Every structure is written in structure tokens, then in C-alpha cells.
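To start, the structure itself, in C-alpha cells.
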Amino acid sequence: MRETVVLIVGGIAAFVLQCVLAPNIAVLGAMPNFALAFVATAAMLRQSDAIVVIAFVLGLVSDLSNGGTVGSMAALLTLAALIASRASSLFGNETVTASLLISMAASLIVEAIYAFFYIATAGVPAVDALLLRALPCALYDCAIVLIIMPLLSFVLARSAPSHNAPTSSTVRLR
Amino acid sequence: MPIINKHSTAKKKAAPLSGTALVIVLLVVSVALATVYAREGQDGPLHRVQSIAGMVTAPLQLAGAGVAYAADGAGDAVENATVSDSSYTALQQENAQLRDQLVQMEELRQENERLTALLDIQSQYQISGATGRVIGTGSDAYSREITVNVGSNSGVEPGQAVVGPSGLVGQVTEVSPLTCRVRLITDPQSGVSAYLQSSRDECVVKGAVDGLLYLEYLDDSVQVEVGDVVVTSGMGGSYPAGITIGTVTNVVNQAGTSDRTIIVSPLSTVSALEEVTVVFSSSSEGSDSQSGSQDAGDSGDTNADASSTDGEGSVDESGEGE
């Protein structure tokens, strides 16, 4: 229960950061997607239904506030949660490299799908959308994941039930 | 660098893929929502909810605008703090020059007031609209939009043009009672019917993903030079005629072909907490629709004349009026 509350608060924080901070740290038009970074990180650290629902709601709220097609980001964040969760289950997330690769794959897939959706609806050149938006945005997302991951891991470890080992979900560097 | 995550591994073994059905359900719901959104009109329930959501998140965007303003101020402060002695001397000299200019400017201001009063008589060039402040910029990397703090309560409607201090800024795409969302002309989905002021040749100014404005659909025989002014033609009715869009900054000819890439620099670039005016009506619209059907060349002349005096002057008037 406490973990769910932590994840909900994290989702709200990601949305606020997306509205307040993301436009101000854009580099050549590419800006990070805090919601995507949060969902990918949370799904890597915890495989639960709550993550999927939070991803969907977060995407829906993003769609409503950004003026995009309602449902598009909701579907993509749900997909990101699924990809990160499954990849984490299959390949593990015991190393920073593995976590980074998983988050990069999830970000790239989501940004690429969003770019293709944008190409189809806005009629912009595919090369421009993929090279000038999808790729830099995905890299930016990965950078945000690197910041979010230790923070979220620490917070989730603190909110874990007391019968678990105190260091149960803390990401540790050897 | 190896890391340990015992807890997550344990959870994986317990319920590694629980929720696949939930994911499928949510994906279906998302697709259904997207389909409804695409099929319903601007007055549909999802669009209405979106407008209200945009209004609710406006304070957050305003906070973002404040962050941008603070960041600019911090940058200036750092620049000022690290200024060298030579720069300081240069700044003192510049300050003295500016004081002289200030005296001259005051004279010019008074002259301008008298001339403005005369220009007010020419009411046929007046732009009426609602002036508001930019309270947010889009948080989506794929679109270039701003949020302005005037909405349907002030008479703003989707499709109306928005002008800044120097020229065209964009078009209203979504309206809530207190705010409106404006798609900038640099947005890849934006296209403005325009013409070159020097030759009266019609063209389309389109935004692009890279943030530049490209001049397209211009006949290959037309001579274009750097510095040529591009103004709205009013064709199609999306934008009033005669509003300055920008100037040509680069013409790149493709080797071996007649193709060329023409880049336009927008005259009016707005940033957070600056004012823009939503245009309700302008005299150039009327003159354009009347003369457009008769003779394109004549209408172009009329509109160009209107824009050169009207485009900036009457916008300022609207601002003052507000």
C-alpha cells in the first residue's frame, strides 16, 4: 500500500516536472519526458498492476493537458510499463548497464511510435521526426532515468514492508 | 558496475507478468479514446475535457514560465558578475550614449503620439482583439505551442490569428473560458498562406520539426533575396491579410536543379510572460475578401499597404486599449 502511494506521488511529481521544468530544459527542441522516464524506472523496479494503471492515468493526464490526441500517450506509457517490466523480468536489472539498456529500449520504442504517429497525422518528414525528435528525446529520457532510478529505488526501499530486509530494494554499487 | 536488487528479483519470481490482461484492457481503452477523439468535433466531450484540463494546468505552466524568466535573470546576473574591466568601461561609454539617445527618444515619443492620433483616423486599418500574456509553453517535444491567459470569456475562438509586437505569432487551436492554446507558425503542422512583399508572388510559409520556417510553393522563376519581407496573403481565411511574418534569411540553391530551400526568420518570437494579441477582426480581412475575387494583384497591393502601417500600429493600439 505504501509503495502504491509512493508511486502515485512519484507520478504526480513527474507530471508537475513535465509541465514546469521540461520546456525550460529543452535542447534544440528536444525535451525529456519525465512521465515516460518515471514509468520505465518504476516498472523496472516493481512489477505490479499499480504501475500499469499509474502509467495509463499519467499518459491520459498528459494527453489532456498537452492538447494531443487523447489516448495516444496513455497507450504508449502503458506499453512502456509493459516493455520495461517484461525486459526487466527477462534480462534482470541487477546492473546499471542492464537498467540503462532497458530504459533506453523502452524510451526509443515509445518515442519512435509517437514519432510515427506524428508523421502520420502531421505529415512531417520521417527522417526529421525520428532524428530530430525521437532519438534525442529518447536519449534525454535515459539521462532522466539515471537520475530517477537511484532516487526511486531508495524511496521504494524505505517504503517497503518491515519484514523485508532493510536493504532489499536499494540499488547498490559495489 | 554491478548492482543488487534482491527485492525486485523476489517479486519477479512471485508475479513476473501479472497484469498482461490489464495492459491489454488499458490499451484497448486508449485506442477507443483516440478513435473517439479523432472522430468527434471540436465541441465533443473529450475536446471539452481537454480544454478544461488545459485551463486547470495553466497555473503549472505559469510556474514554468516563472522558472524560464528566473533562469534568464540568473544568466544575466552571472554574465554581469563576471564582466571584465574592459567590458565595464565599454558599458559605461554605452550607458552615456544611451542617455543621449533617451533624450532624443523622448522627443520622438511625443512626435509619435501626435502622429498616432492622426493615424487613428484611418480606422479601416484597425485590428480589434484581445491582448493577453503568454503563461506557458508546450511541454510536448513534438509541437510548438503557447498558452495565453485570454479565453472564450474574452471572446477568443479557435482559428483566430495571434500577433506579437512585430508580426504574426500563430493561430488559436483550443479555447477554454480563461485560456487559449496557440499553435506557433514554427510548428510543423502550421502553414500560412503568404506572399513576398517585394514581388507580390504568393507562397506558403511552413513550420518544420527543426524549428525553422520554410517558404514553399514559390515559382522557380521568382527572384528571392535575403531580406525580402514575407506577409500573410489572407488566402483561405485562416489569417488576416497583410500581417508581417518574417524576412528571408537564407536561400540555398540545389546544385544541378532549380530546387531551392528558402528559410524565413520570424519577426515576432514570443517567450514566457510577454504579451500577444488575438485578432478578432481586421480591416485587411474585408479588403482582402472583396478584392481577392477581382484581381489578385490589386488585392496584394492593397493588403501590402495595409500591413505596412496597420500590422504593428493597430496591434499596439489594441494592447493599450486592453
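Probing with 1.4 Å while keeping every protein chain in the model, the per residue accessible area of the stretch A:2-159 equals 36 Å². For the residues A:V20, A:V57, A:V155, a GNM of chain A with alpha-carbon springs under 10 Å puts the largest fluctuation on A:V20. Projecting label points 7 angstrom from Cα along Cα→Cβ for A:F116 and A:A143 puts them 2.7 nm apart. Working note: 222 nm ellipticity from helices only, DSSP H runs with n ≥ 4, each -39,500 (n - 2.57), summed and divided by the residues of chain A, gives -24000 deg cm²/dmol to the nearest 500. Placing dummy labels 7 Å off each Cα toward the beta-carbon, the span from B:V252 to B:A77 is 4.0 nm. With the simple model of a label 7 Å out from the Cα in the direction of the Cβ, B:Q42 to A:T97 spans 5.5 nm. Each Cα pair of chain A feeds into the Kirkwood radius, which the Stokes-Einstein equation turns, at 20 °C and 1.002 mPa s, into a diffusion coefficient of 132 µm²/s. At a threshold of 40 Å², the residues of the stretch A:16-38 that become less accessible to a 1.4 Å probe in the full protein assembly than in their chain on its own are A:C19, A:V20, A:P23, A:N24, A:M31.
Diffusion coefficient of the stretch B:144-212 by Stokes-Einstein, Kirkwood radius over Cα pairs, 10 °C, 1.306 mPa s: 124 µm²/s.
Counted by Cβ distance under 9 Å from B:V175, the other residues give a net charge of -1, where Lys and Arg count +1 and Asp and Glu count -1. Buried accessible surface for the A/B chain pair comes to about 5100 Å², total over both chains, computed with a 1.4 Å probe. Extension gain, B:E94-B:A32: 0.36 nm per intervening residue step, less the Cα-Cα distance, totals 16.1 nm.
Roughly what % antiparallel, to the nearest 5, for the DSSP beta bridges in the stretch B:150-226? Percent antiparallel among DSSP bridges in the stretch B:150-226 is about 100. Here the accessible area is traced with a 1.4 Å probe on the protein chains. For the stretch A:1-108, carbon and sulfur cover 78 percent of it. Taking every residue in A:39-52 and counting other chain Cβ atoms within 10 Å of its Cβ, the average works out to 3.
Peptide packing for B:180-188, B:259-267, A:61-69, A:74-82 was compared via the average number of neighbouring C-beta atoms within 10 Å per residue; ordered from the highest value, the list is A:74-82, B:180-188, A:61-69, B:259-267.
The values are calculated or read from the model by the stated rules, or taken from the named source; none is laboratory data. This one's a predicted model, so the numbers in the text were calculated from it and none came from an experiment. Heads up, the Cβs are rebuilt from the backbone with ideal geometry, glycines too, and the neighbour counts pull from every protein chain shown. Calculation scope for accessible area: heavy atoms of the full protein, side chains included, ligands and nucleic acids excluded. Shrake-Rupley method; radii C 1.70, N 1.55, O 1.52, S 1.80 Å.
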